[in-house]
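Reviewing the structure listed below.
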Amino acid sequence: DAGVIQSPRHEVTEMGQEVTLRCKPISGHNSLFWYRQTMMRGLELLIYFNNNVPIDDSGMPEDRFSAKMPNASFSTLKIQPSEPRDSAVYFCASSSSKSYNSPLHFGNGTRLTVT
Amino acid sequence: GNSVTQMEGPVTLSEEAFLTINCTYTATGYPSLFWYVQYPGEGLQLLLKATKADDKGSNKGFEATYRKETTSFHLEKGSVQVSDSAVYFCARVKTTGNQFYFGTGTSLTVIP
């Protein structure tokens with residue numbers, strides 16, 4: 001079991017640049033979640049997908065953020081343009097909605113620094 | 001709003017001390033409950049879970065019992081080790097659907 005795979009592990013970019021974070025969920029999982037973690041706000045849910053369809057994006061901070069899931073094995077979170085306040089660790093997680101008690105499985109995160 | 005409330009940290013203990021991290025939840029019905037652990041530089045990992053009232057989840061010496069009377073799921077360990085230093089998150093699943101609600105996390109540092 002390869003687990004949830006995120007890339008890159010670290011990203012340093014300048015303000016105004018576009019940033020794309022990538023996630024490969026666990027094979028067979030049909031729910032995918034993007035979280036952001038900061039010291040100030042803790043763990044925040046940004047968006048989640050069921051069967052590749054966005055279900056709840058109310059946590060997406062603003063229009064600069066967008067997420068896609070073109071197929072069951074890949075998702076992206078894009079920030080354009082990036083700002084220093086976007087600096088955080090971004091986690092992707094997956095689970096199976098077919099089982100009510102299925103836990104979330106997290107990737108190791110992408111640490112984003114916007115200067 | 002957040003329906004999981006856990007003990008504020010940080011917590012600092014000496015090795016072999018007893019650990020309790022309190023967690024309470026609000027929900028309609030009886031959602032599954034979880035404890036996750038996050039080691040430095042890593043993502044959250046499932047530590048243990050309980051799916052119904054009076055269930056006890058256990059793993060790596062940690063335990064938590066699902067108490068519906070007090071809507072609590074407190075994490076305990078009888079003798080902590082330096083390697084247990086991490087941030088611990090209590091969580092519950094939404095009773096309709098598979099969205100999760102997380103507590104704010106409790107940082108634990110165990111000193112030799």
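The values are calculated or read from the model by the stated rules, or taken from the named source; none is laboratory data. Since this is a predicted model, take the numbers as computed values, not measurements. With ideal geometry, Cβ positions are generated from the backbone for all residues, glycine too; neighbour counts draw on all protein chains shown. These area figures cover heavy atoms from the full protein model, side chains too; ligands, DNA and RNA do not enter into them. Shrake-Rupley method; radii C 1.70, N 1.55, O 1.52, S 1.80 Å.
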Note to self: Need one number: the % of Cα-Cα pairs in the stretch A:15-66 sitting beyond the 15 Å mark.
What the structure shows: 56 percent
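What whole-number value in Å² describes the accessible area per residue of the stretch A:21-115 for a 1.4 Å probe? Intermediate results must be reported in sequence, preceding the final value.
Working: 4340 Å² over 95 residues.
With all protein chains present, the stretch A:21-115 gives 46 Å² per residue.
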Note to self: As a test of the definition: with a 1.4 Å probe, what buried accessible area, both sides summed, do you compute for B against A, in Å² to the nearest 100?
What the structure shows: 1600 Å²
Next item on the list: Determine which lysines satisfy two conditions relative to B:K49: a Cα distance under 26 Å, and not lying fewer than 8 residues away in the same chain.
Entry: A:K24, A:K98, B:K60, B:K68, B:K77, B:K94
Item checked: Complex-versus-alone comparison for the stretch A:77-92, residues with a loss of 20 Å² or more in accessible area, probe 1.4 Å -> A:F91
Note to self: For chain A, report the % of Cα-Cα distances exceeding 24 Å.
What the structure shows: 19 percent
Notebook entry, point to check: What are the aspartates and glutamates whose alpha-carbon lies under 15 Å from the alpha-carbon of A:K78, with same-chain residues fewer than 8 places away excluded?
Noted result: A:E11, A:E14, A:E18, A:D57, A:E62, A:D63, A:D86
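Give me the percent of the accessible area of the protein assembly as shown that comes from carbon and sulfur atoms, probe 1.4 Å, all protein chains in place. Don't jump to the answer; show the numbers that get you there.
Numbers: 5350 of 10860 Å².
The value for the protein assembly as shown is 49 percent carbon and sulfur by accessible area.
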Item checked: For a label point 7 Å along the Cα-to-beta-carbon line of A:S99, residues of the stretch B:36-64 with backbone N under 19 Å -> B:36-37, B:44-53, B:55-60
Note to self: If I stretch the segment between A:R111 and A:M40 completely, what's the gain in nm (0.36 nm per residue apart, minus their alpha carbon distance), one decimal?
What the structure shows: 24.0 nm
Item checked: Spherically averaged projected area of the protein assembly as shown from its Cα convex hull (nm²) -> 12.4 nm²
Notebook entry, point to check: Which one of A:S102, A:S66, A:S87 has the biggest mean-square fluctuation once chain A is modelled by GNM with Cα springs under 10 Å?
Noted result: A:S102
Checklist line | Selected from B:G61, B:G78, B:G97 as most flexible by GNM, with chain B as the system and alpha-carbon contacts under 10 Å | finding: B:G97
